[in-house]
Each structure stands twice: as structure tokens, then as C-alpha cells.
Amino acid sequence: MGHFALIDDQNMVRQVIVVANAAMEDQPFPESEPIGQAMLVESGFTGTWLQCSYNASFRGCYPGSGYTYDPALDVFLPPAQPGSES
């Protein structure tokens, strides 16, 4: 099982889903990511899907809707909190 975040063209997370695929479970990240992405395409999902970690073992933190993805750092970032500098 893997978790995948849908990223829009502004690198905003729009959705996070669970992908159940036995072939992915046999591979560690990052090798598991293209397997899950191929399954999503075969299932009719469109867009950019990036694997994320529920226990935050890679790509920073577990994202939710409104989080952003920083491609330079290859991490998900939480939304800015009110009163914080951006």
C-alpha cells in the first residue's frame, strides 16, 4: 500500500489517496513510486501524482490538501500559519 498526493501546476496538493498494489510493497521508495503511478494511470487517474509517506519517512511530512510540494527540496510543506512570514 502506498500514499500518493495529486499535485497541481502550482505544486499545491489537491488530494491524497491510498494505492493498494502488491507490486509496490515489494519495493522501497523511490522504486515504488513509478509502480504506483502506472497503476493510477491504468485506473484512469490523471495529473501529477507523487508518492508520500504516512509516517514521514521520506519527502518531509505527510501532506494534506493545501500543502505544497517543493521540487527543489523534494519535500511536502505545510500551509503557512497565520502570522508567520512566508
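The values are calculated or read from the model by the stated rules, or taken from the named source; none is laboratory data. Not measured: the values here are computed from a predicted model. Note: ideal-geometry Cβ built from the backbone for every residue, glycine included; neighbour counts use all protein chains shown. Only protein heavy atoms, including side chains, enter the accessible area calculation; ligands, DNA and RNA are left aside. Shrake-Rupley method; radii C 1.70, N 1.55, O 1.52, S 1.80 Å.
Per-structure values
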{"quantity": "Solvent exposure of the chain as accessible area per residue, Å², 1.4 Å probe", "calculated": "61"}
{"quantity": "Computed magnitude of the charge dipole of region 1-45 (debye, nearest 20; Cβ of K, R +1, Cβ of D, E -1)", "calculated": "160"}
{"quantity": "Whole-percent carbon and sulfur share, accessible surface of the chain, 1.4 Å", "calculated": "53"}
{"quantity": "C-alpha long axis of helix 32-42 to longest principal axis of the chain, angle in °", "calculated": "80"}
{"quantity": "Exposure rank, largest accessible area first [Val18, Val41, Val75, Val13; 1.4 Å]", "calculated": "Val41, Val18, Val75, Val13"}
{"quantity": "Amide H partners (placed H, <5 Å) of Phe58, local residues excluded", "calculated": "Ser53"}
{"quantity": "Theoretical ellipticity at 222 nm over the chain - DSSP helices of four or more residues, -39500 (n - 2.57) apiece, nearest 500", "calculated": "-4500 deg cm²/dmol"}
{"quantity": "Phi to ³J(HN,Hα) by Karplus 6.51 cos²θ - 1.76 cosθ + 1.60 over region 9-25, Hz, x for Gly, Pro", "calculated": "6, 9, 6, 8, 7, 9, 6, 10, 10, 9, 10, 9, 8, 4, 5, 5, 5"}
